[in-house]
1. Sort 291-299, 80-88 by packing, meaning the average of other beta carbons within 10 Å per residue, with the highest value first.
2. Taking a threshold of 22 Å on the Cα-Cα distance, which of the pairs LYS23/LYS252; LYS23/LYS289; LYS77/LYS289; LYS252/LYS273 fall above it?
3. Quick one: which residues, 5 or more positions from VAL329 or on another chain, have an amide H under 5 Å from its amide H? H modelled 1.01 Å from N in the peptide plane, none for Pro or chain starts.
4. Tell me which residues come under 5 Å, amide H to amide H, from VAL179 once H is placed; ignore anything under 5 positions away on its chain.
5. If the chain between ASP261 and TYR365 were fully stretched, how many nm would it gain, using 0.36 nm times the residue separation less the Cα-Cα distance?
6. Counting only residues 5 or more places away or on other chains, whose amide H sits under 5 Å from the amide H of ARG37 once H atoms are built in the peptide plane?
7. Over the range 1-110, what is the relative contact order in whole percent, taking alpha-carbon pairs under 8 Å and six or more residues apart?
8. Ranked highest first by average number of other Cβ atoms within 10 Å, how do 21-32, 300-311 line up?
Amino acid sequence: MVADLTPAASRFTPAACPRLVVKIGSALLVDPDGRVRRDWLRGVVADIAARHRAGQRIAVVSSGAIALGARRLALPKGGRASLEDAQAAAATGQIALSHCWAELLHAEGLTAAQILVTLDDLEDRRRYLNAASTLHRLLGLGVVPVINENDSVATAEIRFGDNDRLAARIGQAADAGGVILLSDIDGLYTANPHRDPTARLVPEVARIDARIRAMADADSASGMGSGGMISKLEAARIAQRSGAHLAIITGKRDHPLAAFDADHRGTVFLGEKIGTARKAWLAGRLTAKGRIEVDDGAVGALAQGRSLLAAGAVRVEGRFARGDVVDIVGPDGQVIARGLIEYDTVDAAKIVGRRSNAHEQILGYAPRSALVHRDHMVLL
């Protein structure tokens, strides 16, 4: 299982990456008894401090609140027996988690800040921009923001569900050049290395296609975290489309960031800027209000950079208002684009499949130029 090592870590150095997001999962930060692994975390903080002194500004996405709170409250199943238990554990454990980060960072001469977010905070454009503004100011002040999902109020319907994707979205908001996911595995393998001894580490990925997705395994090795390799690939997709590089590296060694600098071992997904910051935000969204199914002709037109016209639409699903985000799906059911719809559900359904010259008579008002305009759309 030895891979050829490449200079991938050079993309995450302070000189190449002025702003970096580092994500740490529960399985690394909290031991099976529900206690913080302070000695290990102290090494991570030392790595962060060294990078900070070299000019890099770092935001941390830290799991662990539920695991810590479950121990303090003596809750079964690590605090995940019910939604209420998870929320109570998160509320209790977040205080301990924040205190630990603040104490260790302070020992290195750094100031910590806490930011708790929900899915809606980053899916709603205005709230996203507010969060981005806060992150930019904190990083500009040399503060280390420590971010977590606000599990004390989140429900299954409004959750990221894992901090891998949260880290990628924070990377977008912070305008970070890189995201590092500290994991219980040292990268993406051609197969599950726990089951297949011939599995090989993939050092670099330029594009996430069907071949790469087939390598992912949904299982988390520890059972403590919520994200497996599939969630990490989704995080990589979000980061790539905003132009940021994302690395999956092992956190199961001391000073994992310094070790990555030394041996470059991990999988790096190369950033690929797709357009404006707004389009990157659209591409990184995890939710949509509806779906527009289109025909093969529309698929070809979208690939050429054109707007989606009603004539190319086949069916409308969901409930949405003008300006909401919708997914555009091809005949095979795959999402091919995402954008801001120009009509509400009722009017969109009326003009599906109809040419533009019939829209005014159908709707009773002057039609807009497209169902989804190309300026408010991103191909996926």
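Computed from the coordinates by the stated procedures, all read-outs in this text should not be read as laboratory data. Since this is a predicted model, take the numbers as computed values, not measurements. Please note: Cβ atoms are built from the backbone with ideal geometry, for glycine as well, and neighbour counts cover all protein chains shown.
1. Details: 291-299: 18.8, 80-88: 16.0.
Most protected by this proxy first, the peptides run 291-299, 80-88.
2. Details: LYS23/LYS252 14 Å; LYS23/LYS289 29 Å; LYS77/LYS289 34 Å; LYS252/LYS273 31 Å.
Pairs exceeding the cut-off: LYS23/LYS289; LYS77/LYS289; LYS252/LYS273.
3. Residues meeting the amide H criterion: ILE292, GLU293, VAL294, ILE336.
4. VAL21, HIS245, LEU246, ALA247
5. Working: separation 104, 0.36 × 104 = 37.44 nm, distance 6.11 nm.
Additional length available on full extension: 31.3 nm.
6. VAL30, ASP31
7. Details: 136 pairs, mean separation 28.3, N = 110.
Relative contact order, the range 1-110: 26 percent.
8. Values: 21-32: 24.5, 300-311: 17.0.
Highest mean packing first, the order is 21-32, 300-311.
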